[in-house]
Amino acid sequence: MKLIVKFNLVLLLVFAFGFVVAGYISDRLLQRNAKQEIVENARIMMEAALAVRWYTANQIKPLLDTQLKYSFLPQTVPAYSANQYFSQLRKTFPDYEYKEATLNPTNPVNRATDWEADIVRHFRESPSQKELVGERDTPNGKVLYMARPLKITDPRCLGCHDTPESAPPTLIARYGGANGFGWKLNDILTAQIVSAPMQLPVQRARIAFNGFMISLAAVFVVIFLALNVTLLLVVTRPVQRLSEIADEVSLGNMDAPKFQLSGNDEIAKLTQSFGRMRKSMAEALKMLETP
Amino acid sequence: MNPVLLSLVLLLLFPLTALTQEAGTVTLLEGALRVIRGTTVLLGGEGMSLRQGDIIESSDPGFAQLEFAGGAIAALGPSSRLFLFSHGAGRAFAKPGGEAAATELVLLSGWLKGESSPSAGACRYATPLLAATSRGGGSVLVRAAAVTEIFVESGSAAIAEVNPDGNLGQSTAAKAGQFFSRRPGRPVNTASRLDPGFVNSLPSAFRDTLPSRLAHFAGKRPTEPRRQHEVTYPEIQPWLTMAHAWRRGFVERFQPRLSDPEFRKGVEAHLNEHPEWDRILHPEKYQPKAPPPAATPDSRHGRQ
């Protein structure tokens, strides 16, 4: 087997092993980073939603309190403004969804579904838990979600959620007196949930992975070609030429062309040594032929 | 001077000074504002002073905010007519059937929103059918031909039927959120929810709390209203024919206008609606009758 073949076989084996290992590790890392990025985005979105809620409760509602006596204005409800903010955000980030899932909401749109109700109950049972990240299966595929509890800490919230009698008549006229009452201070009835399809991090990771692996393969190919060309020019060809000349000299053709490489590497030294040996051999033969 | 005599003189002079005292200021105006002061029609503007007895009429579209000494704020909607019947700035005026009120505004037609703090004293917002007396809080009134409605927006108020003579009937304590309506000849109807028609036609500025703008005019000379013309009979006729309790003093006030033949003709034509003018137009009817000739001793004797 030729030297270059052996060399290439080893090189290919090493490259293949490195490619697989690098692919596996990078895939895991990229998947994890993509998920982490989505969770981090979800955190920012939730914090922004909380900021909008605060702004609504503390600055918008007081301005509209008098108007609320004439007609119900959903713009005064923190949950409404958070949802409105998110629906605008979705125009840029259509993959994300936001819901303030509530066990006993005034507006039925905010009623928690089964899995959301489980999350709210989980937060009620573990009040110290501040965040929950998980995955769940849906008919459209896996979904990544992040949830946070919303505790009722502002007594003003009870103005609309204590009893139907104490709630603004315009709110009752809009939603009736059956739902959204009986809330207590420091109670957890709502969970903010941001969700995104798992396909999203997978897709993002896949895109990054493909890019990385293609780059890696390209680097391997370049290295492979460079090493082969170098091996051919620096080792294989000089050795082959040297071998041919040695063959001719061994057959008694002392007129075979000289072959000597300049330089200081091993092959150059070999040619220099071979040249000296050939010269010595020629002189020795001359001495033998001289009577 | 004897202190008792001095007090009596001051007490007698007080109503005159009260009449010329500034009762409030126009602090916000959209559209035109017509003010009938004395017998003159004026065109008002922001910063104009108001006086007791002023009749204020807004344009359509239009909005006017009036702020009174003592802290009460009133807003007039479009096409609204208001009479500043009394303003005591802490002095309360008693009225048969109702509690004494420091300020009484009479809404003849259109929209009125009144807001006051407890320090402003009792404020009465009256219409020919219903009246609200508030000691802090806000009320919105609308007076149309078919119905008069009052919404107690905040605080509390006493809601009373207004008798045809302008005095108050029995009053009902009302709390924030209650809605009252009355049609002519019918009793008061109370509801805990607003009538949708009321909400739909409510001037948009009435949906918010009235912001005080008095500070903008502090230390500035009051805006002088522009004199338009002397009041004509058609302009004043609705006021001359309103309930007696409010039109008291109008004969003396508008009597100088009788020198205008048109005005006189108008008064004469509607004399049955304001019969108190008869004494002025036809004083001869009210001259004391000449006593019968004194009986002679002979006739006395003859009778015997």
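Given the structure, is A:K61 farther than 30 Å from A:R204 by Cβ, touching a strand residue (DSSP E or B) at 6+ places or on another chain (Cβ under 7 Å) and within 14 Å of chain B (Cβ to nearest Cβ)? Before the answer, list the steps.
On the way: farther than 30 Å from A:R204 by Cβ: yes; touching a strand residue (DSSP E or B) at 6+ places or on another chain (Cβ under 7 Å): no; within 14 Å of chain B (Cβ to nearest Cβ): yes.
In short, no.
Looking at (1) part of a helix (DSSP H, G or I); (2) under 26 Å from B:L29 (Cα atoms); (3) without any contact (Cβ under 8 Å) to a residue 40 or more places away in the chain, which is the one condition that is false for B:A205?
If we test B:A205 against (1) part of a helix (DSSP H, G or I); (2) under 26 Å from B:L29 (Cα atoms); (3) without any contact (Cβ under 8 Å) to a residue 40 or more places away in the chain, just (3) comes out false.
Give the residue, chosen from A:L171, A:L150, that is hydrophobic (A, V, I, L, M, F, W, C), crowded, with 18+ Cβ neighbours inside 10 Å and part of a helix (DSSP H, G or I). Even if it seems obvious, please write down each step before you answer.
Values: A:L150 fails: part of a helix (DSSP H, G or I).
From the options A:L171, A:L150, the qualifying one is A:L171.
Scan the stretch A:68-126 for residues that are in contact (Cβ under 8 Å) with a residue 60 or more places away in the chain, charged (D, E, K, R) and assigned to a helix (DSSP H, G or I) and report the count.
2
Here are some conditions: (1) within 14 Å of chain A (Cβ to nearest Cβ); (2) at positive phi. B:N200 meets all but one. Which one does it not meet?
All conditions are met except number (2).
Might you let me know whether the stretch A:19-29 holds any residue that is over 26 Å from A:I207 (Cβ atoms), touching a residue at least 60 places away in the same chain (Cβ under 8 Å) and out of contact with any Cys (no Cβ under 7 Å at 6 or more places or on another chain)?
To start, the set of residues in the stretch A:19-29 that are over 26 Å from A:I207 (Cβ atoms) comprises none.
The answer is no; no qualifying residue exists.
In this structure, does A:R174 turn out to be within 14 Å of another protein chain (Cβ to nearest Cβ), of a type in the set (D, E, K, R) and out of contact with any Gly (no Cβ under 9 Å at 6 or more places or on another chain)?
Working: within 14 Å of another protein chain (Cβ to nearest Cβ): yes; of a type in the set (D, E, K, R): yes; out of contact with any Gly (no Cβ under 9 Å at 6 or more places or on another chain): yes.
Against the criterion (within 14 Å of another protein chain (Cβ to nearest Cβ), of a type in the set (D, E, K, R) and out of contact with any Gly (no Cβ under 9 Å at 6 or more places or on another chain)), A:R174 qualifies.
Can you find a residue that is in a strand (DSSP E or B) and away from chain A (no Cβ under 14 Å) anywhere in the stretch B:208-216? Quick ask: steps written out before the conclusion?
Taking the stretch B:208-216 and keeping what is in a strand (DSSP E or B), we get none.
Looking for residues that are in a strand (DSSP E or B) and away from chain A (no Cβ under 14 Å), one finds none in the stretch B:208-216, hence no.
Considering only residues that are over 29 Å from the mean Cα position of the chain (by Cα) and either without any contact (Cβ under 8 Å) to a residue 24 or more places away in the chain or loosely packed, with under 14 Cβ neighbours inside 10 Å (or both), which ones fall in the stretch A:204-231?
A:L225, A:A226, A:V229, A:T230
Condition first: within 27 Å of B:G62 (Cα to Cα), touching a helix residue (DSSP H, G or I) at 6+ places or on another chain (Cβ under 9 Å) and assigned by TED's automatic domain parsing to the domain that holds B:L105. Can you find one or more residues in the stretch B:217-235 that meet it?
No; the residues of the stretch B:217-235 include none that is within 27 Å of B:G62 (Cα to Cα), touching a helix residue (DSSP H, G or I) at 6+ places or on another chain (Cβ under 9 Å) and assigned by TED's automatic domain parsing to the domain that holds B:L105.
Test A:N264 against the stated conditions and say whether it is assigned to a loop (DSSP other than H, G, I, E, B) and either free of Cβ contacts under 8 Å to residues at least 60 places away in the same chain or not aromatic (F, W, Y) (or both).
It is true that A:N264 is assigned to a loop (DSSP other than H, G, I, E, B) and either free of Cβ contacts under 8 Å to residues at least 60 places away in the same chain or not aromatic (F, W, Y) (or both).
Restricting attention to the stretch A:175-186, does a residue exist that is over 30 Å from A:T76 (Cα atoms) and outside any loop (DSSP other than H, G, I, E, B)?
Of the residues in the stretch A:175-186, the ones over 30 Å from A:T76 (Cα atoms) are none.
No, the stretch A:175-186 has no match at all.
So in the stretch B:179-196, with the set limited to residues that are within 10 Å of another protein chain (Cβ to nearest Cβ) and in a loop (DSSP other than H, G, I, E, B), which one is nearest to B:S139 (Cα to Cα)?
That would be B:L194.
Of the residues that make up the stretch A:86-104, is at least one aromatic (F, W, Y), touching a helix residue (DSSP H, G or I) at 6+ places or on another chain (Cβ under 8 Å) and within 14 Å of chain B (Cβ to nearest Cβ)? If you could, list the steps in order and put the result at the bottom.
Of all residues in the stretch A:86-104, those aromatic (F, W, Y) come to A:86, A:93, A:96, A:98.
Still in the list and also touching a helix residue (DSSP H, G or I) at 6+ places or on another chain (Cβ under 8 Å): A:86, A:93, A:96, A:98.
If we keep only those that are within 14 Å of chain B (Cβ to nearest Cβ) too, we end up with none.
Checked against the condition, which is being aromatic (F, W, Y), touching a helix residue (DSSP H, G or I) at 6+ places or on another chain (Cβ under 8 Å) and within 14 Å of chain B (Cβ to nearest Cβ), the stretch A:86-104 yields no hits at all.
The values are calculated or read from the model by the stated rules, or taken from the named source; none is laboratory data. Quick caveat, the model's predicted, so the values are computed rather than measured. For neighbour counting, all protein chains shown are included, and Cβ atoms are generated from backbone atoms with ideal geometry for every residue, glycine included.
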